[in-house]
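Undergrad: Here's a structure for you.
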Amino acid sequence: MINGIDFSMDYSIQITLVACLFFPFLLMILARIPKFTGRNAAQFFLSFIMTTLGWIIALGLLITKNSSGFGWASFFLYGALMLIYLEIWGLLSRGYTIGLLLTFYKAKKSLTAEELANLYRGGHGLDWLIKHRLAGLISTKLIKLHDNKVTLTIRGRIVAFLYKLSVLFLGLRYSG
């Protein structure tokens with residue numbers, strides 16, 4: 001018999017769960033606003049900021065004197081759920097393998113490698129993939145592009161070295 005276990009949730013945990021359930025709906029709404037079309041990172045960031053502000057305000061307004069207050073559990077729960085959303089969002093918005101599967105699905109027929117390359121990313125092709133990846137590396141100042149040649153920056157060398165150490169330390173297989 002279980003006698004001393006209390007399965008009730010504090011108000012701060014309830015507020016945290018409601019705020020986290022609200023997040024994907026807010027993200028869906030922002031994704032449909034023309035100003036944010038194609039700006040996935042901005043959509044996610046703005047949804048996160050709005051949800052976090054709403055969560056903090058709700059905690060401040062709804063926590064009563066009878067409640068134990070904010071509590072670290074709600075803080076860590078909120079952080080964990082937002083990280084889970086970020087992982088799922090990252091996979092869906094930047095998952096190039098899933099993008100290939102979606103291209104096959106939309107074609108509704110078998111494709112040659114050349115047809116796949118041409119249809120990928122709504123017709124932008126596989127060339128878009130390398131340009132997109134390079135643009136991301138340039139914007140984070142990990143590489144420089146000069147005279148059509150790519151060079152690692154000092155920051156890029158540090159990140160690559162840390163990646164190499166991580167692969168060795170964790171026993172992972174190189175991806176590049």
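Undergrad: Of everything in segment 99-119, what is under 22 Å from Lys131 (Cβ atoms) and exposed (fewer than 13 other Cβ atoms within 10 Å of the Cβ)? Give them in sequence order.
TA: Within segment 99-119, Leu101, Lys106, Ala113, Glu114 meet the criteria.
Undergrad: Would you mind stating whether Met82 is open to solvent by less than 60 Å² (accessible area, probe 1.4 Å) and either over 24 Å from His132 (Cα atoms) or in the same structural domain as Gly136 (by the TED database) (or both)?
TA: So Met82 fits the description; yes.
Undergrad: Anything in segment 1-53 that is over 20 Å from the mean Cα position of the chain (by Cα) and among the small types (Gly, Ala, Ser)? List them, or say none.
TA: Result: Gly4, Ser8, Ser12.
Undergrad: For segment 40-61, does any single residue satisfy the condition of being among the aliphatic types (A, V, I, L, M), exposed (fewer than 11 other Cβ atoms within 10 Å of the Cβ) and modelled with pLDDT under 85?
TA: yes
The values are calculated or read from the model by the stated rules, or taken from the named source; none is laboratory data. It should be emphasised that the depicted structure is a prediction, and the values quoted were computed from it without experimental measurement. Please note: Cβ atoms are built from the backbone with ideal geometry, for glycine as well, and neighbour counts cover all protein chains shown. Just so you know, the surface numbers come from the protein's heavy atoms only, side chains and all, with ligands and any DNA or RNA stripped out. Shrake-Rupley method; radii C 1.70, N 1.55, O 1.52, S 1.80 Å.
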